[in-house]
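Working notes for the structure below.
The values are calculated or read from the model by the stated rules, or taken from the named source; none is laboratory data. For clarity, every value in this text was computed on a predicted model and none was experimentally measured. Heads up, the Cβs are rebuilt from the backbone with ideal geometry, glycines too, and the neighbour counts pull from every protein chain shown.
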């Protein structure tokens, strides 16, 4: 299946941004690959994973191209599947923007729990949502209209509001109600809460974007 030029360029841009944001987040949370693999008794993976992290800005775009090529195989039969492939790739960038902004705010304030965390999560989620809107509108669902009417705006903010409640609510529940378990540090637990929240909101986000906001 031959891809459009935009379907080649977009994954490269997204994956390149993913790579640098991931490296920044790992550095922010003080992730030690060797120590982590030693704890899970998989130290034999240190060399290949260390190599992968070192060359992530090169490896990830290549993997993204392969990924989108696989997704394009469904383009003619079930368009929604190809759209979900693109949506998921955009979602990876949304996730890293979410985590990046969240960790930046926690680092600046040295606060990793409480009502401040919920505010930080709201800000990071809003940043990721704005990115999601642009990429999904013009690439995933290919709405070419640059002018946005009141109807689209109202649908977008309604869907975003529900996604906001799911995302921030789940993250706050895990961090502030359940709290750190299994000896996990508050910083890592805060990121786990954010990750679970992203997963919970994923299905709603795709459905609302496809069938409500960008319905053709």
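Quick notes
- Meeting the requirement of 3 or more residues that are over 24 Å from residue 107 (Cα atoms) and under 19 Å from the mean Cα position of the chain (by Cα), the helices (runs of 4 or more DSSP H) wholly within segment 1-57 are 5-28.
- Qualifying residue in segment 44-58 (condition: in contact with a helix residue (DSSP H, G or I) (Cβ under 8 Å, 6 or more places away or on another chain) and either crowded, with 16+ Cβ neighbours inside 10 Å or within 26 Å of residue 205 (Cα to Cα) (or both)): yes
- Residue 155, sole failed condition from (1) modelled with pLDDT of 85 or more; (2) surrounded by 13 or more Cβ atoms within 10 Å (Cβ to Cβ); (3) farther than 17 Å from residue 30 by Cβ; (4) more than 21 Å from the chain's Cα centre (by Cα): (1)
- Qualifying residue in segment 97-109 (condition: surrounded by fewer than 19 Cβ atoms within 10 Å (Cβ to Cβ), without any contact (Cβ under 8 Å) to a residue 40 or more places away in the chain and closer than 25 Å to residue 166 by Cβ): yes
- Selection within segment 25-43 - touching a helix residue (DSSP H, G or I) at 6+ places or on another chain (Cβ under 7 Å) and more than 13 Å from residue 191 (Cβ to Cβ): 33, 34, 37, 43
- Residue match in segment 139-148 (condition: surrounded by 13 or more Cβ atoms within 10 Å (Cβ to Cβ) and at pLDDT 90 or above): yes
- Among the conditions (1) in a loop (DSSP other than H, G, I, E, B); (2) under 21 Å from residue 198 (Cβ atoms), residue 77 misses just one, which is (2).
- Residues located in segment 3-60, provided they are in contact (Cβ under 8 Å) with a residue 60 or more places away in the chain and more than 20 Å from residue 131 (Cα to Cα): 3, 28, 29, 30
- Count of residues meeting criterion [surrounded by 13 or more Cβ atoms within 10 Å (Cβ to Cβ) and either under 15 Å from residue 166 (Cβ atoms) or free of Cβ contacts under 8 Å to residues at least 12 places away in the same chain (or both)] in segment 202-211: 6
- All of (1) within 16 Å of residue 195 (Cα to Cα); (2) crowded, with 22+ Cβ neighbours inside 10 Å; (3) in contact (Cβ under 8 Å) with a residue 60 or more places away in the chain; (4) over 12 Å from the mean Cα position of the chain (by Cα) hold for residue 113 with one exception: (2).
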